[in-house]
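Reading through the C-alpha cells given below for one structure.
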Amino acid sequence: MAEGAELEHMVMSFRVSELQVLLAFSGRNRSGRKHELLAKALQLLRSGCSAAVQMKIAELYRRRFPRRALSPSELPVLHGPVGPLPPLPAPCRLPYEPGAGGPLLVLESRREAEGAQLAPPVQPVHPDVKMQRLPFYDVYDELIKPTTLASASSQRFEEAHFTFALTPQQVQQILSSRDAVLGARCDHAVQVQLRFCLCETSCPQEDHFPPNLFVKVNGKLCPLPGYLPPTKNGVEPKRPSRPVNITPLALLSAALPNTIVVNWSAECGRNYSLSVYLVKQLTAVALLQKLRAKGIRNPDHSRALIKEKLTADPDSEVATTSLRVSLMCPLGKMRLAVPCRATTCSHLQCFDAALYLQMNEKKPTWMCPVCDRGAPYDRLIIDG
C-alpha cells in the first residue's frame, strides 16, 4: 500500500471528476468547487481512511496517469528465452525499377526497431541555462548541471532519474556546518539544493516548478512547498516556486551515490530544467554586512536628485515647489536606522535596510515598499 505522503500527492493531482468519484465512494458530500473538494479529500485521507479508500485513490491515479503498456512485439524481447538471434531478413525491394525514378524502400529489421524503442533516453545537458542568483545563498559547487526534463514517451505523466555524488570535502563542509545558528528552519548552513526552472537560455531563469511535481530522493518522498490558495474560483492551486533543501534526505557519504526520481506532468511546447547545487545559506545580518561593505552613496547624488525634481519644467504647467520625505521606515513604521533604496528607484524616500532584508529572508519578493517596483539585493545602496 502506498505511503500517506504518496497518497496525498495522488489526491492533489486529481481533477474535479476524480475528486467527486472518490468522495462519493467514501460516502462524503461531493458538491462544491475544486478547492473545496480537494480540502474534503485531504481531510478524508488525513483522518485515517480505510484500505478500500486507499485502493480507490491508487486506482483513480492509475486511470489519470496510465503507464505505457508493452506492445506484443516487445514482450518476447523482454521475457523470451535467451538464445541465438535469428538471421536478419534480406532487404525487401518494392517492384519499381530504380532507373524509372520509382521509390526504393529498405525495411529495417525487427531487432533494430525494437532495440531503438528499448534504448534509454539520454538526458541532454544544457550548460547555457543559467539560474538566477539567490542573495541568501552562496554557491560552492554544481553537483548536477542544468539538465532538461525530457519527455520519454507520449504519456502526460513523465519520470526522470538523476544521480550525483559528494566528495569527501563536500561531506565535511556539510557536517561541519551543522552547529551554525540558523533557527528552526534548517540544521545545516551548507546545504544540497535542488532547483527547477524553465528551459530557456535568453536570460537567467527564476525558480519554476513543473506541474504536478513529485520528487523522491534516495527512495524517500521529498517535501515540497505547500500549495497557495487559489486567487480565483476554478483556478488550480499552485506551489510557490523556490529552491528545495534536500540535505536531510541526502546520503552524507563519499562512498554512496545519491539518486533523485522526478515525476511531473508534461506540457506541450514547454520544457523544464533541473539542477543541484552545494550552497551556503546566509542570514539577513550577513547580507547587511555585505551591503555596508559596498559603501555609502555620496550625499551629492541626493542633492543633485533634489535639484532635478525642483527644477521647473518649461513644458509643464505644474511646478514642484517642495518635496516631503519621512524619516520613518514604511515597513516597520520606526525611525530609519540604515536608510536604503534601490538604484533603479527615482524617489527620495528610503526604507530601512535591516527590516527589508529580514522581510525578504522570510518571504523573498524583493519589491520596493515605496514604489512597488523591483528592488533586488544587488541594486540596493545605503543612502548618504
Residue check for ARG292: touching a residue at least 12 places away in the same chain (Cβ under 8 Å) and open to solvent by less than 90 Å² (accessible area, probe 1.4 Å): no
Among residues of segment 217-274, those that are out of contact with any strand residue (DSSP E or B) (no Cβ under 7 Å at 6 or more places or on another chain) and farther than 17 Å from PHE196 by Cβ, counted: 19
Qualifying positions in segment 278-294 - in contact with an Asp or Glu (Cβ under 6 Å, 6 or more places away or on another chain) and within 9 Å of LEU357 (Cβ to Cβ): ALA284
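Conditions (1) among the β-branched types (Val, Ile, Thr); (2) open to solvent by less than 30 Å² (accessible area, probe 1.4 Å), marked per residue:
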{"site": "PRO210", "(1), (2)": "no, yes"}
{"site": "CYS222", "(1), (2)": "no, yes"}
{"site": "ASN233", "(1), (2)": "no, no"}
{"site": "PRO240", "(1), (2)": "no, yes"}
{"site": "THR247", "(1), (2)": "yes, yes"}
{"site": "LEU251", "(1), (2)": "no, no"}
{"site": "CYS268", "(1), (2)": "no, no"}
{"site": "LEU278", "(1), (2)": "no, yes"}
For CYS197: the one exception among (1) open to solvent by 30 Å² or more (accessible area, probe 1.4 Å); (2) under 9 Å from the mean Cα position of the chain (by Cα): (1)
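Looking at VAL338, is it surrounded by 15 or more Cβ atoms within 10 Å (Cβ to Cβ) and more than 31 Å from the chain's Cα centre (by Cα)? Please lay out each step first, then the result.
Details: surrounded by 15 or more Cβ atoms within 10 Å (Cβ to Cβ): yes; more than 31 Å from the chain's Cα centre (by Cα): yes.
For VAL338, the condition - surrounded by 15 or more Cβ atoms within 10 Å (Cβ to Cβ) and more than 31 Å from the chain's Cα centre (by Cα) - is met.
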Looking only at segment 159-202, and only at residues there that are at pLDDT 90 or above and in a loop (DSSP other than H, G, I, E, B), the one that is nearest to GLN281 (Cα to Cα): ALA189
Matching residues, segment 4-53, being open to solvent by 40 Å² or more (accessible area, probe 1.4 Å) and touching a strand residue (DSSP E or B) at 6+ places or on another chain (Cβ under 7 Å): ALA5
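Take PRO257 and tell me if it is in contact (Cβ under 8 Å) with a residue 24 or more places away in the chain and surrounded by 14 or more Cβ atoms within 10 Å (Cβ to Cβ).
Working: in contact (Cβ under 8 Å) with a residue 24 or more places away in the chain: yes; surrounded by 14 or more Cβ atoms within 10 Å (Cβ to Cβ): no.
No.
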Among (1) among the hydroxyl-bearing types (Ser, Thr, Tyr); (2) open to solvent by 50 Å² or more (accessible area, probe 1.4 Å); (3) in a helix (DSSP H, G or I) - the single one TYR61 does not satisfy: (2)
Within segment 353-372, considering residues that are under 17 Å from SER302 (Cβ atoms) and in contact with a strand residue (DSSP E or B) (Cβ under 7 Å, 6 or more places away or on another chain), the one most open to solvent (accessible area, probe 1.4 Å): VAL370
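With segment 242-358 as the region, which strands (runs of 3 or more DSSP E) entirely inside it contain at least 3 residues that are more than 21 Å from LEU380 (Cβ to Cβ)?
258-265, 272-281
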Every residue from segment 141-158 that is part of a loop (DSSP other than H, G, I, E, B) and either at pLDDT 90 or above or within 21 Å of GLN205 (Cα to Cα) (or both): LEU149, ALA150, SER151
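Conditions (1) modelled with pLDDT of 95 or more; (2) closer than 20 Å to ILE144 by Cα; (3) in contact with a Phe, Trp or Tyr (Cβ under 6 Å, 6 or more places away or on another chain), marked per residue:
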position: PRO211; (1), (2), (3): no, no, no
position: TYR227; (1), (2), (3): no, no, no
position: GLU236; (1), (2), (3): no, no, no
position: PRO257; (1), (2), (3): no, yes, no
position: ASN263; (1), (2), (3): no, yes, yes
position: ASN271; (1), (2), (3): no, yes, no
position: TYR277; (1), (2), (3): yes, yes, no
position: LYS294; (1), (2), (3): no, no, no
position: LYS309; (1), (2), (3): no, no, no
Selection count where residues are touching a His at 6+ places or on another chain (Cβ under 6 Å) and at pLDDT 90 or above, scope segment 238-254: 1
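The values are calculated or read from the model by the stated rules, or taken from the named source; none is laboratory data. Small disclaimer: the values here were computed from a predicted structure and weren't measured. Neighbour counts run over all protein chains shown; Cβ positions are idealised from the backbone, glycine included. Please note that ligands, DNA and RNA were not included when accessible areas were found on the heavy atoms of the full protein model with its side chains. Shrake-Rupley method; radii C 1.70, N 1.55, O 1.52, S 1.80 Å.
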